[in-house]
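The values are calculated or read from the model by the stated rules, or taken from the named source; none is laboratory data. What you see is a predicted model; the values in this text were computed from it and never measured. Here Cβ is always computed from backbone atoms with ideal geometry, including for glycine, and neighbour counts include all displayed protein chains. SASA here: full protein model, heavy atoms, side chains in, ligands and nucleic acids out. Shrake-Rupley method; radii C 1.70, N 1.55, O 1.52, S 1.80 Å.
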Amino acid sequence: MEKTSQINRYAPFWRYLHIVIALEKCHQYDYARPSSYLEDNSTVFRIISDENFRNQSAKKLSGSVRVKTDVYDDSPLVEDDPKYWEDKFKPFHEYLENTFPIVWKHFKIETANTWGLIITWEGSSSLKPILLTAHQDVVPTQDNTIKDWTYPPYEGVFDGEKVWGRGAADCKNLLIGLLEAAEELYKSGFRPRRSVIFGFGFDEEIGGPRGAGSIAEILIERYGKDSFYAVVDEGGQSLAYENDVLLALPGTGEKGSTDVIIGLNTPGGHSSVPPDHTSIGIISQLIEEIENNPFNAFFTPVNPTFHEYQCIAVYSPSLDPKIRVDILRSEYDENSKKQAIKYLHDKSLLSRYLITTTQAIDIIHGGAKSNALPEYVEIDINHRVAIESNTDYVVSKDLNHVKYIAEKFDLGIVFNGEEIRAKTPKGYFTVEKVSELEPAPITPTTGKTWELFSGTIRHVYEEIAFADPKSEYHGKTVVVAPGIATGNTDTRYYWDLTKHIFRYRPGASTTVEAHAHGVNEVIPISSHLQLIAFYYEYLQLIDSVED
């Protein structure tokens, strides 16, 4: 009797223990402010609100958009076609040199693989350097969509509020903003103790091996492994407003990726005497089999998305109470986890694919003539691999679907060059994993490095960017939580440099709002100025810590 009464006495505590734990995990750090802000904040507010600075900044970004630096999946290696790359990137390098004379005069300028840029602002101490990255290249525009653009994609039009054009948001604004922040700091008299290194690749949109890959090789050889204070690149979600919570979501992890090519070889012949199922018909059934069996979802603390939604559950005033409890209890209760997964699956495609592996059949080839049976058909499946999974598991799932269809139609299978099911007179499948990138190591979100980064975000948004009472988000708390994006960045090449990798482009405009990779790519100049203000403050702050 006494024991039962004691349990009942403490029942409310156990019932709400998950909330206490979540509050601790979603702890919000105080503002991080450099001494210059406390002593004289005129420069950072000039960046945000001075009309002349605003117009000059827009001019610099617009000019960068006008230099066409598009790259394609079939772009050659630099050594195979030097002129191809020179025509695109020599004009861009010349533009940067003319636009940022202070950087080119006082910083060390180097190239990697001819067109990658390594710009070093040498520090005065032995503190670990920081690497700030962006990419010079942009995705191409399709000719048949040019008519749909408000302004031509390479004219870099500034309409007084926004800069329009390919690369304005992905990610020439980041590259230009970093250099603008550096020049403003230099003009203010700031000289870093900690070296600041800018790494600008030139083929991120096609995987980055020529650019960031070459930059990483140089930095590893020069500085060694685990030699950097942090790496900051594009990615994450700059600001998200979910369930009445204003979130900043630096990417502290990244999904993996792999491409699987599946081919089907069958006998040819005249289409007047076709089999019941041609190779196109068979591979169509394979596609249906794959798409009808999506990957299972995960909702675990391994994935930064878990912590994002824990923060939403803690801070949201409008989230359904039952969902709130399920999210908060999901780490300890299997039924709550299932309900949380269902909620995220149904909420949106974005939330669904933050917690599961994707499968997108993006390319299909097959057939040569209308009266000839297709002898070879091929599909390309692109997967973005869940944080809790790996590329081998993903390929094995694809292979199991191929086995099912192969048995149904009495076909052989050749997997990565090895025959694993005997070829038959009816034909055979080929299955090949043509690329692989495992999920990234997770950046720790405890300790001073995370505290300083998240504190700077809150300071810049709440105290500077949204200080104007007319601002949409004036007076709102920015909840900083770890997150991931569904795509990949150049950071894949920098894993060995540091365990502190932040994928985050400051500024209130999101990549969705900016139409990145789509028609009418655009960036509000206010968002661009917020990016400059962030780095103006952050570079001073990291210079004051002994790490």
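Summary table
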{"item": "Residue-span extension gain [E94 to K448] - 0.36 nm each, minus C-alpha spacing", "result": "123.6 nm"}
{"item": "Stokes-Einstein translational diffusion, the chain - Kirkwood Rh over all Cα pairs, 1.002 mPa s, 20 °C, in µm²/s", "result": "84 µm²/s"}
{"item": "Relative contact order [Cα under 8 Å, 6+ residues apart], the chain, whole percent", "result": "24 percent"}
{"item": "D159, D233, reordered so the largest accessible area comes first (probe 1.4 Å)", "result": "D159, D233"}
{"item": "Under 11 Å, Cβ to Cβ, from G256 - net charge with Lys/Arg +1 and Asp/Glu -1", "result": "-2"}
{"item": "Residue pairs, from the table K83/K433; K255/K338; K172/K499; K128/K172, whose Cα atoms sit over 30 Å apart", "result": "K83/K433"}
{"item": "5 Å-binned pair-distance histogram of the stretch 267-383 (Cα, whole percent)", "result": "2, 10, 16, 15, 10, 8, 8, 7, 7, 6, 5, 4, 2, 0"}
{"item": "3J(HN,Hα) from dihedral phi, the stretch 296-312, Karplus parametrisation 6.51/-1.76/1.60, rounded to Hz, x for glycine, proline", "result": "5, 9, 10, 9, 9, x, 5, 8, x, 4, 4, 6, 4, 6, 4, 5, 4"}
{"item": "Solvent exposure, largest accessible area first (probe 1.4 Å, DNA, RNA and ligands not counted), of R66, R222, R329", "result": "R66, R222, R329"}
{"item": "Long-range HN-HN contacts of D70 with modeled amide H, under 5 Å", "result": "V138"}
{"item": "Accessible surface, per residue, of the stretch 75-234 when the full set of protein chains is kept, probe 1.4 Å, Å²", "result": "38 Å²"}
{"item": "Lys, Arg +1 and Asp, Glu -1 on Cβ, resulting dipole of the chain about Cα centre, debye, nearest 20", "result": "1200 debye"}
{"item": "Equivalent ellipsoid semi-axes - Cα gyration tensor, the stretch 215-343, angstrom", "result": "42, 29, 13"}
{"item": "Solvent-accessible heavy-atom area per residue, rounded to whole Å², over the stretch 467-547 at 1.4 Å", "result": "35 Å²"}
{"item": "Residues of the stretch 264-296 with amide N under 16 Å of a point placed 7 Å along Cα→Cβ from H365", "result": "264-266, 280"}
{"item": "With every protein chain in place, the chain: carbon and sulfur % of accessible area (1.4 Å)", "result": "50 percent"}
{"item": "Once the Cα gyration tensor of the stretch 260-328 is diagonalised, semi-axes √(5λ) in Å", "result": "50, 13, 8"}
{"item": "Dipole of the chain, positive end: most advanced residue of F409, V434, Q530 [Cβ charges, Cα centre]", "result": "Q530"}
{"item": "Per-residue [θ]222 nm for the chain (sum of -39500 (n - 2.57) over DSSP H runs n ≥ 4, rounded to 500)", "result": "-11500 deg cm²/dmol"}
{"item": "Over the stretch 89-219, volume per residue of the alpha carbon convex hull, in Å³", "result": "118 Å³"}
{"item": "Chain lengthening between V545 and D73 when straightened (0.36 nm per residue, less Cα-Cα)", "result": "165.7 nm"}
{"item": "Cysteines in the chain lacking a second Cys C-beta under 4.7 Å", "result": "C171"}
{"item": "Average silhouette area of the stretch 43-119, convex hull of alpha-carbon atoms, in square nanometres", "result": "6.5 nm²"}
{"item": "Surface accessible to a 1.4 Å probe, per residue, for the residues of the stretch 332-410, Å²", "result": "52 Å²"}
{"item": "Sorted largest first, extent of the stretch 142-298 alpha carbons per principal axis (Å)", "result": "81, 46, 39"}
{"item": "Centre separation in Å (Cα based) which lies between the stretch 172-220 and the stretch 444-501", "result": "18 Å"}
{"item": "Accessible area in the full protein assembly, largest first, 1.4 Å probe, for D203, D410", "result": "D410, D203"}
{"item": "Cβ-placed point charges (K, R +1; D, E -1), dipole of the stretch 187-231 about Cα centre in debye, nearest 20", "result": "480 debye"}
{"item": "Lys, Arg +1 and Asp, Glu -1 on Cβ, resulting dipole of the stretch 279-395 about Cα centre, debye, nearest 20", "result": "480 debye"}
{"item": "Surface accessible to a 1.4 Å probe, D170 within the full protein complex, Å²", "result": "20 Å²"}
{"item": "Placed amide H near G235: partners under 5 Å, 5+ positions off or other chain", "result": "Y504, R505"}
{"item": "With DNA, RNA and ligands ignored, accessible area of K83 (1.4 Å probe; Å², nearest 10)", "result": "120 Å²"}
{"item": "Potential lengthening between S284 and W104 on full extension [0.36 nm per residue; Cα-Cα distance subtracted]", "result": "59.2 nm"}
{"item": "The chain - share of DSSP beta bridges that are antiparallel (%, nearest 5)", "result": "70 percent"}
